[in-house]
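Below: the structure, in structure tokens.
The values are calculated or read from the model by the stated rules, or taken from the named source; none is laboratory data. What you are looking at is a predicted structure, and each value in this text was computed from that prediction instead of being measured. Please note: Cβ atoms are built from the backbone with ideal geometry, for glycine as well, and neighbour counts cover all protein chains shown. SASA here: full protein model, heavy atoms, side chains in, ligands and nucleic acids out. Shrake-Rupley method; radii C 1.70, N 1.55, O 1.52, S 1.80 Å.
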Amino acid sequence: MSYQLVLSELINEKTKDVGENIFFNDLPSDYQVYVLYYPGISLNEDLASKLRNLGEIAGRNLLVNIARLDDPNYKKIVKKFGIRTFPTIIVTAIDKLASPPTEYSTAYVKIDNKRLLNSPDLTFECVQKMFNLFIEGKISEAIREKNHKVRMSRIKGIINSALKGIRDYLKKWDVSFSFITGKLELKHRGG
């Protein structure tokens, strides 16, 4: 029995190994957390190297995708994740780590502040902290709250606490948190 990772009704015809520029529909389904780095035309090699190394040592807990803009679903990705500028990094996870139990949505963190992204070390530290928040279940715990205002307050508190060590550098919310409609979930592929 084979499975695929889908967002809502996306259908995956094949699965690629981990690598550069994996199309959204081809993301391997056996990972817990996903870091999607959209550098545009200005790939920061230092940041990309750090992210690749993190993905390698995290194994199946984290997939890092250095994405290009030729994905057939790029228009949908831009709309769903609100990508407006480059570079942009999206950190999200499978449904059990990023989806409220009673809603058809998925939590994600977006890093698109140019000042922050100009510092590979600080950006990498933020990504590591967000990865840990998802993998430790802290995001899933916070999003179980049914009251939206309380939920968002808890999430902001968790993220602020995680970024405490670098908060002096981050003047405003250089790291944003939101939800997309749909869930990243494993579905039977058939066949």
Please give the number of the condition residue 158 fails out of (1) more than 19 Å from residue 32 (Cα to Cα); (2) of a type outside the set (D, E, K, R); (3) modelled with pLDDT under 90.
(3)
Which is open to solvent by 20 Å² or more (accessible area, probe 1.4 Å) and either within 23 Å of residue 150 (Cβ to Cβ) or under 14 Å from the mean Cα position of the chain (by Cα) (or both), of 72, 101?
101
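Conditions tested, residue by residue: (1) among the hydroxyl-bearing types (Ser, Thr, Tyr); (2) in contact with a helix residue (DSSP H, G or I) (Cβ under 8 Å, 6 or more places away or on another chain).
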position	(1), (2)
31	yes, yes
45	no, no
51	no, yes
54	no, yes
61	no, yes
65	no, no
Please work out which one of (1) at pLDDT 90 or above; (2) of a type outside the set (A, V, I, L, M); (3) surrounded by 14 or more Cβ atoms within 10 Å (Cβ to Cβ); (4) farther than 17 Å from residue 47 by Cβ is the condition residue 131 fails and give its number.
(4)
Answer with yes or no whether residue 82 is more than 23 Å from residue 30 (Cβ to Cβ) and touching a residue at least 12 places away in the same chain (Cβ under 8 Å).
yes
Scan the range 52-75 and tell me whether some residue there is assigned to a helix (DSSP H, G or I), under 24 Å from residue 160 (Cα atoms) and among the polar types (S, T, N, Q).
yes
Which of the following residues is closer than 24 Å to residue 144 by Cβ, modelled with pLDDT of 90 or more and in contact with a strand residue (DSSP E or B) (Cβ under 8 Å, 6 or more places away or on another chain): 61, 65?
61
Would you confirm whether or not the range 147-155 contains a residue that is of a type in the set (Gly, Ala, Ser) and open to solvent by 40 Å² or more (accessible area, probe 1.4 Å)?
yes
One residue from 88, 92 being at pLDDT 90 or above, over 18 Å from residue 31 (Cβ atoms) and open to solvent by less than 10 Å² (accessible area, probe 1.4 Å):
88
When residues of the range 127-146 are limited to those that are assigned to a loop (DSSP other than H, G, I, E, B) and without any contact (Cβ under 8 Å) to a residue 40 or more places away in the chain, the one nearest to residue 88 (Cα to Cα)
136
